[in-house]
Each structure stands twice: as structure tokens, then as C-alpha cells.
Amino acid sequence: MIGMKAEGRSFPLGATCYPDGVNFSVFSKYADAVELVLFDHADDQEPSRVIPLDRRKNHTFYYWHVYVPDIGHGQLYGYRVRGTYRPTRGFYFDGDKLLVDPYARAVAPSSTYSRAAAKGFGANLGQGIKSVVVDPDTYDWEGDQPLSQPYASTVIYEMHVRGLTKSAPDVAPDRQGTYLGVIDKIPYLRSLGITSVELLPVQHHDTQDSPDHLENYWGYSPIALFAPHHGYASQQENPLCAIDEFRDMVKALHRAGIEVILDVVFNHTAEGDENGPILSFKGLENRAYYILKDDRATYANYSGTGNTLNANHSVVRRLIIDCLHYWLSEMHVDGFRFDLASVMARDEDGEPMENPPILWQIESDPVLAGAKIIAEAWDAAGLYQVGSFIGHRWAEWNGPFRDDVRRFVRGDPGMVQNLAARLTGSPDLYTQPDREPNRSINFNTSHDGFTLNDLVSYNQKHNLDNLEDNRDGDNANYSWNCGLEGPTTVTAIEALRQKQARNFLTILFVAQGTPMILMGDECLRTQQGNNNAYCQDNQIGWFDWERPDLYPGFLRFVRRLITFTQGLEVFRKEAFWHTSEGNSVPRLIWHGVELDQPDWAYNSHSLALELQSPHDSEHLHIILNAYWQPLTFDLPAPTLADHPESRWHRIIDTSLAAPDDIHSAGEAPAITSNTYEVAARSSIVLLARPSIPH
């Protein structure tokens with residue numbers, strides 16, 4: 001803004017470009033003095049310019065601000081904030097520390113960045129993280145817009161930007177593990193039939209927040225919430241590369257019809273507890289940004305990572321909303337999955353709130369109205385809100401779906417009634433009568449836990465590589481190794497494992513709800529039994545591009561399964577299936593080995609369901625047998641509107657080897673009998689089709 005006064009103004013927060021300069025504004029309630037420091041390069045040991053902010057001229061209420069002419073896009077900067085350093089009172093002001101702007105749109109870490117140097121008291125300018133001024137108007141989006149896919153036609157692929165391509169032989173070395181590398185793999189992603197990628201955290205995070213000699217790979221250790229992670233840029237020396245390449249990736253995915261959902265972390269930061277580093281929030285206004293215990297000296301830890309963001313503090317609420325607006329409006333993402341979202345339901349004392357302001361604000365925000373908002377509706381301190389999370393718009397990761405399906409497929413008793421609920425959109429959890437069943441995000445596996453391959457190959461977690469004596473990671477995996485722990489050359493065990501994996505995916509895709517699969521599950525990726533690979537930035541955590549060639553039949557099964565289920569209206573309805581006939585809602589009929597006789601007994605291990613959708617001329621019969629012996633099931637008469645002569649055709653039989661395990665509707669073999677013998681631990685999907693006259 002030409003003619004802006006040198007003292008600047010308190011809004012917008014962060015660094016805002018104008019034609020002749022940049023306005024800087026930062027929040028700090030209890031600071032005694034603030035300095036804006038400018039740099040020429042990321043590795044500079046000293047600033048090129050220091051601008052003290054005058055308390056009378058550059059200070060409005062709790063905001064420190066200044067207008068600096070003749071600088072702009074790409075300028076490196078940071079803050080030094082002076083005040084009381086008294087951790088026992090919750091104050092961590094250290095006037096020598098370089099602090100990241102909480103609103104920084106890009107960052108430039110020093111090549112010698114040191115988490116250790118940010119701990120304790122003292123300077124870290126040469127080993128810190130510089131913030132970068134970004135002018136959003138310098139990028140050409142070429143008409144790109146978010147895709148706004150309905151949940152009912154969404155298939156989510158949870159993936160890691162670096163992990164997808166770090167070992168990809170067909171990706172150029174300088175693009176491996178980067179945003180640009182993802183672009184190179186778009187043809188593969190499209191071939192799967194997925195509609196959305198859910199990216200593990202891309203907010204800039206501290207990779208050194210991990211055990212010694214390892215790196216924080218997953219990224220759940222954020223420090224710059226607006227900035228794309230610098231480490232995923234192809235050119236590390238260019239501080240603007242990450243933001244431009246992230247936008248290139250989003251634009252390319254959108255052109256391919258694939259949404260981008262960000263896994264965002266607003267429950268904690270990389271600054272950890274009282275023994276952690278001073279990187280940004282802690283050195284600016286620790287008592288506002290974090291929930292502290294009564295002694296003010298220690299941190300409440302509802303996230304399991306050392307600290308908890310004070311999400312319902314007015315300033316932090318504004319930060320979160322501004323951040324979401326930025327990623328949506330300026331970075332064109334399509335939605336957000338909120339890590340440990342139940343943390344955001346806690347008040348400033350850590351108590352759960354009936355109506356948490358930040359969650360209602362996200363729910364009702366008009367800018368976010370078209371975005372997907374997905375909650376991981378629990379936290380690390382025991383607050384579990386699946387089915388009771390606030391609001392009407394939120395979708396939820398359905399943890400009970402994961403656990404109940406795992407236990408059914410494993411062969412646990414007493415799971416048939418639970419399975420029936422999970423197959424039908426979990427109406428026992430989601431009781432609102434007008435709720436869309438697709439707001440349930442169904443999954444068998446996610447980044448947090450076993451891969452699909454390991455789920456059927458290990459009885460116990462094997463996390464020794466994490467250097468925490470196998471104490472980390474969940475012990476309740478509900479897994480079964482099919483007779484032998486870990487890799488095997490026993491043909492029968494390997495065949496059983498692949499059949500069980502096909503069972504898991506079949507149940508996932510025939511259930512009401514939005515399916516999510518984990519990167520690499522489509523080709524049986526393994527983490528060698530590690531169920532908490534957060535610090536495994538190596539072959540354990542990366543996509544193994546030899547796997548598609550090792551298991552081509554399994555990859556074919558996944559692709560055809562997605563194509564089949566996404567091609568039927570019955571699996572894309574926005575209302576719960578109903579046990580009575582209706583004009584638009586498919587009719588659901590439960591069966592057992594005998595028609596109309598579902599076995600709900602504790603010792604039952606099988607279930608059949610019939611789906612009739614006359615309006616869409618679709619009729620399916622699905623049989624799930626987790627029993628360790630074959631069972632013969634009666635089949636209902638296949639019926640189709642306007643086609644009195646119809647037959648069942650076998651789409652899926654997971655007991656059969658490829659290519660007979662799955663067929664397209666046009667090539668599926670007809671079933672001439674009125675019964676079907678279902679092999680032990682197998683799933684069947686039959687589709688009614690008109691008889692072809694001879």
C-alpha cells in the first residue's frame with residue numbers, strides 16, 4: 001500500500017506484500033521488546049538488518065508491527081523477542097533466539113539447522129529457521145479450483161509425499177521424495193481409481209524431533225503451520241521452491257481429477273514440553289499458545305507428544321481459522337483431516353467442552369463450507385468422541401470399523417452383529433437421522449499401525465528400529481499372522497495371507513461409508529512388522545516400487561474392486577440402506593446359510609446381505625465367511641426390474657487365485673445353482689444380470 005506509515009499496522013498478521021514494501025505483524029502479549037531481523041541467506045550467522053519495534057509506535061494492543069519499504073517476495077526474516085525468561089511462570093522469552101513467524105508462508109531452514117541449539121538459553125541465528133515473505137499473486141493457477149467431490153463418490157488414498165517416490169526408479173533423482181515426484185506418479189494414482197489423496201503432514205515440521213540418529217518422517221511435529229514443508233522441495237537452496245512446487249502438485253492432481261486433503265496438526269507443535277526447544281510460539285507467547293498445568297511450569301500433554309496447543313484461546317482460534325483459509329484459498333486444497341481433533345475440544349484448563357468454539361467455528365465457517373473436514377475424533381489422553389463429535393458437517397475416522405472388521409476377519413467370536421453395523425454405515429454410532437453414511441471414513445489400515453500386509457503377517461509389533469525398546473506403538477492390533485510370524489516361503493500361508501487381505505478390502509468397499517486405503521496396501525507393502533514407523537525415513541516407511549511387480553494379481557484385484565464398487569449407485573447412496581422397500585434407498589435383507597436366517601449368535605462367524613435397488617436396476621448378494629471351514633449358503637432369486645430372466649454372476653470370490661478372484665460385470669461367470677459353497681475365510685460378491693438368450 002503506497003503511503004503506508006513506517007510503523008505499519010496490526011493486520012493482516014504475518015508478512016504482507018504491497019507494491020512498495022512489506023507489512024509485518026506478530027502477536028506477543030507479554031513481550032518487553034521485539035526486533036524484526038532480516039537476512040540475505042538461510043545460512044547467515046547474523047542478520048543483514050535489525051529493525052527494533054518501538055513500543056509506542058509499532059505496538060497496538062498485543063500486536064507488534066512495522067512497515068518496511070523496498071523489500072518483497074522472497075525476503076528472509078525472523079523475530080527476536082525480549083521479556084521475562086522464567087519457565088516456572090510459563091515465560092520463555094529469550095531475546096537471542098531466532099523465532100519463526102507463526103504466519104510464515106514459507107521457511108528457509110539453515111543447512112546446519114539444530115534442534116539442540118534452540119533448547120535452553122542463547123542465540124541460534126546460524127542454526128535456526130528463517131521465515132520467508134511470500135506474495136501469493138506471483139503464481140499462475142491457470143484457472144484451477146478445488147474439485148469438491150461428494151463423499152459418496154470419494155475413495156481416499158492416504159499417502160506420504162516423500163515416501164511415495166523416494167525409491168521410485170522411474171522418477172528423476174532430484175524429484176524423488178518431492179512434490180514434483182508426486183506429479184510423476186499421477187498416472188499410477190489414476191490407475192488405482194482413487195479420487196482423493198490425503199497427505200500426511202506437509203505443514204513445515206521439525207525432522208529432528210525423533211530419537212537419536214533417526215528423523216521424524218511422518219511430519220506430526222509442526223512448527224510453521226502455513227508453510228509447505230521445505231524438505232519436500234526439489235531445490236533446497238531456493239526458499240520459495242517448496243511453495244511453488246506444492247502448488248504445481250495440487251494443480252496437476254486437480255487436472256487428473258484427484259482431490260488434495262491435508263492431514264493438519266493443530267493439537268501440538270514441535271516445541272515439546274519444558275525440555276523442548278524455543279522455535280516460535282514458546283518464545284512469542286507461551287502462555288497463550290499452550291495449555292499449561294496449574295504450576296505454569298509444565299505442559300499439559302493431551303497429544304502424547306509433550307505439549308498441547310491451546311486451540312480455544314482467541315488468538316490460537318484465529319491462527320487456526322486463518323491457516324485453514326490460507327490453505328484452501330491460496331493453496332487450493334480440497335479439505336483437511338484433523339489429527340487428534342478431540343484435543344481441540346478441550347478448554348484452556350484441558351477439560352472437554354460441550355460446545356468447543358474452534359470446532360463450531362470450523363463447522364460454520366463460510367469459507368470452509370465446501371471443504372471436506374474430517375476428524376480423528378480422539379486424543380492421546382483418553383477422550384474418544386467417535387459418533388459424538390460436535391456438529392453436522394464433520395466426517396470422522398471410524399476407529400470401530402477398523403477394529404471390528406479386523407476382529408471379524410481374524411475369526412474372533414461375537415463380532416457378527418458389530419460387523420453388520422459397520423457394513424451399514426455404523427448407525428449405532430451415528431444416530432442423527434439426517435446424517436449421510438458417507439461421513440463415516442472407513443479404513444482397515446492407516447499410517448498409524450500395521451500395513452495391510454503386516455496385519456495378516458504379524459501377531460505382534462516389531463518396533464525395535466525405533467530405538468524405544470518396542471515400547472512405542474499400539475499393542476491392540478487385532479492382527480493374525482496366519483500361522484507364522486513375519487515373512488515366509490510357505491505357499492499355503494502366503495496364499496491365506498493374500499486371501500485375508502482381499503477379504504479386508506472387499507468388506508471395506510462394500511460397506512456404506514467413504515473408503516480409505518493406505519499407500520502401498522494395493523501391492524502389499526510391508527513395514528516389517530513396525531506399527532509406528534513415524535521415524536523410519538527409509539525403506540521401512542517408503543513405498544517399495546518392486547511390490548507392484550511382485551504382486552500384480554493383488555494390484556489387479558484392488559483396481560477392479562474400486563472400479564466395480566464405484567460404478568454402482570448402491571454404494572454411492574447418501575442415505576442409509578433400509579430393511580424395508582423404498583423408491584430411492586436400497587433395500588437391505590440379512591441372510592445366513594439359510595435365507596432370511598442371519599446367525600447373530602456369539603459363536604457365529606458368517607453373514608450374508610442382499611442389496612436390492614430396483615430404481616437403479618441393481619441387485620447384489622454378498623457373503624462373508626470368517627469361519628475356518630467352508631459353508632454352503634442358499635441364494636435368493638436374482639431379480640432385476642424389466643428383466644424377469646436373470647442370473648447371479650460371480651464378481652468376487654476371494655478364495656480363488658488371480659485372475660479368477662475378481663471379474664468385471666461383463667465377464668463374470670454365471671451361477672446356475674441356488675446355493676454357493678463359500679470356502680473357509682472367504683468373501684463372495686454376486687451381481688444379478690439379465691440372462692443371455694441362447
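Along the range 366-382 the Karplus relation, 6.51 cos²θ - 1.76 cosθ + 1.60 evaluated at θ = phi - 60°, assigns HN-Hα couplings of x, 5, 8, 4, x, 8, 6, 10, 10, 9, 8, 7, 7, 9, 7, 10, x Hz to successive residues, with x for each Gly and Pro. Listed peptides 449-460, 144-155 appear in the order 449-460, 144-155 once ranked by packing, highest mean of other Cβ atoms within 10 Å at the front.
What separates the Cα centres of the range 594-618 and the range 129-147 is a distance of 51 Å. Ordering of 167-179, 126-138 by packing is 126-138, 167-179, highest average first (other Cβ atoms within 10 Å, averaged per residue).
Comparing Cα centroids, the range 660-694 and the range 55-118 end up 65 angstrom apart. When +1 charges are put on Lys and Arg Cβ atoms and -1 charges on Asp and Glu Cβ atoms, the dipole computed for the chain relative to its Cα centre reaches about 480 debye.
Computed from Cα positions, the angle between helix 241-255 and the longest principal axis of the chain comes to roughly 30 degrees. Peptides 555-566, 656-667, 92-103 ranked from most to least packed give 92-103, 555-566, 656-667, packing being the mean of other C-beta atoms within 10 angstrom over each peptide's residues.
For D295 and R255, a Förster radius of 45 Å and the Cβ-Cβ distance give a FRET efficiency of 0.25, rounded to the nearest 0.05. Using alpha carbon centroids, what distance separates the range 397-420 and the range 489-537, in Å? So the two Cα centres are separated by 16 Å. Rounded to the nearest 20, the size of the Cβ-charge dipole of the range 166-277 about its Cα centre is 720 debye, with Lys and Arg at +1 and Asp and Glu at -1.
The long axis of helix 399-410 is offset from the longest Cα principal axis of the chain by roughly 40 degrees. I need the GluC sites (Glu not before Pro) found in the range 494-558, filtered to DSSP loop residues with at most 13 other beta carbons within 10 Å of theirs. Filter output for the range 494-558: E546. When the range 579-690 is described by a simple charge dipole with +1 on each Lys and Arg Cβ and -1 on each Asp and Glu Cβ, the residue from L607, H649, P690 located farthest towards its positive end is L607.
FRET efficiency for the W141 to D365 pair, using the beta carbon distance and R₀ = 30 Å, is estimated at 0.85. May I ask for the Rg/Rh ratio of the chain, computed from Cα atoms with Rh as the Kirkwood radius, given to two decimals? Here the Rg-to-Rh quotient is 1.01. Taken one residue at a time, the phi angles of the range 279-284 give Karplus couplings (6.51, -1.76, 1.60, θ = phi - 60°) of 10, 7, 4, 4, x, 9 Hz. Gly and Pro are set to x. Could you list which residues have their amide H under 5 Å from that of I373, counting only those 5 or more apart in sequence or on another chain, with H placed in the peptide plane? Amide H to amide H, under 5 Å and 5 or more residues apart or across chains, I373 pairs with F336, A395.
Which shape class, rounded, prolate or oblate, goes with the range 579-690 when its Cα gyration tensor gives a ≥ b ≥ c as root eigenvalues, a/c under 1.5 marks rounded, and past that a/b bigger than b/c marks prolate? The shape class here is oblate. Based solely on its DSSP helices, what 222 nm [θ] is calculated for the chain when runs of n ≥ 4 H residues each add -39,500 (n - 2.57) and the sum is averaged over all residues, nearest 500 deg cm²/dmol? Value at 222 nm, helices only: -5500 deg cm²/dmol. Note on the chain: dipole from Cβ charges, positive end direction compared against A395, A421, A345; the farthest Cα belongs to A345. Projecting each Cα onto the charge dipole of the range 579-690 (Lys/Arg +1, Asp/Glu -1 at the beta carbon, about the Cα centre), which of V585, P630, T675 comes out farthest on the positive side? Among V585, P630, T675, the one farthest towards the positive end of the dipole of the range 579-690 is P630.
Label separation (D660 vs Y85): 7.4 nm, computed from points 7 Å beyond Cα along the C-beta direction. If a/c stays under 1.5 just call it rounded; otherwise compare a/b with b/c (prolate if a/b is bigger, oblate if not). Do that for the range 14-138, with a ≥ b ≥ c from the square roots of the Cα gyration tensor eigenvalues. Oblate, because a/c is 1.5 or more while a/b does not exceed b/c.
Bear in mind these aren't lab numbers, they're just calculated from the coordinates by the rules spelled out. These numbers come from a predicted model, not from an experiment. Heads up, the Cβs are rebuilt from the backbone with ideal geometry, glycines too, and the neighbour counts pull from every protein chain shown.
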